[in-house]
């Protein structure tokens, strides 16, 4: 394990961007980097780019300055509930347990978002077609209000980076 940590610290010292699975690992690696610098006799050193993947996504979104705001999980859940209530009002689907249905719909949306999948009309069941309509409405409301949910965040950042002058370091390490 120490060998991997040393390789990561070496890369960070050479300017690599180190993206970790969580904040705790990022904090541990930054501390290990600081100890290495102290052991090497340094009194000052540049801060390494060691950050959690999620924090890096948030930073990229805020640095883009495009006005997009990250939708919290609870706000996204509430939006799903509102959209489902609106679509089922006055129909036979009005008997749905809206909060539970919204949780499952948002879970499906996040899973599809992780792989950047979109449902097409061909060969969808009636339930899947209803979900697709909810998802389209959810995404439309988010676009209209310049909200972005966690499922779409990595893809939005990818689009921002592809279309911008924002530099990404030549070496990126995914750790954890």
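List of remarks:
- The chain: most fluctuating residue of 159, 149, 40 per GNM, C-alpha cutoff 10 Å: 40
- P(r) tail for the chain: Cα pairs beyond 20 Å make up 63% of the total.
- Extending 7 Å from the Cα toward the beta-carbon at both residue 117 and residue 6 defines two label points whose distance is 4.4 nm.
- Note: relative contact order over the range 72-149, using C-alpha pairs below 8 Å and six or more positions apart, is 40 percent.
- Relative contact order computed over the chain (Cα-Cα under 8 Å; 6+ residues apart), in percent: 35
- Degrees between helix 2-13 axis and first principal axis of the chain (Cα, 0 to 90, nearest 10): 90
- Helical mean residue ellipticity (222 nm; -39500 (n - 2.57) per DSSP H run of 4+; nearest 500) of the chain: -19500 deg cm²/dmol
- Computed from Cα positions, the angle between helix 153-163 and the longest principal axis of the chain comes to roughly 70 degrees.
- FRET efficiency, 1/(1 + (r/R0)^6) with R0 45 Å, evaluated for residue 34 and residue 136 via beta carbons: 0.40
- Extension reserve of the residue 168-residue 86 stretch, reckoned as 0.36 nm per residue once the Cα distance is removed: 25.3 nm
- Alpha-carbon centroids, the range 102-126 and the range 145-176: separation in whole Å: 22
No lab work stands behind these numbers, since they all come straight from the coordinates. Keep in mind that this is a model prediction, so the values were computed, not measured. Cβ atoms come from the backbone with ideal geometry, glycine included; neighbour counts cover every protein chain shown.
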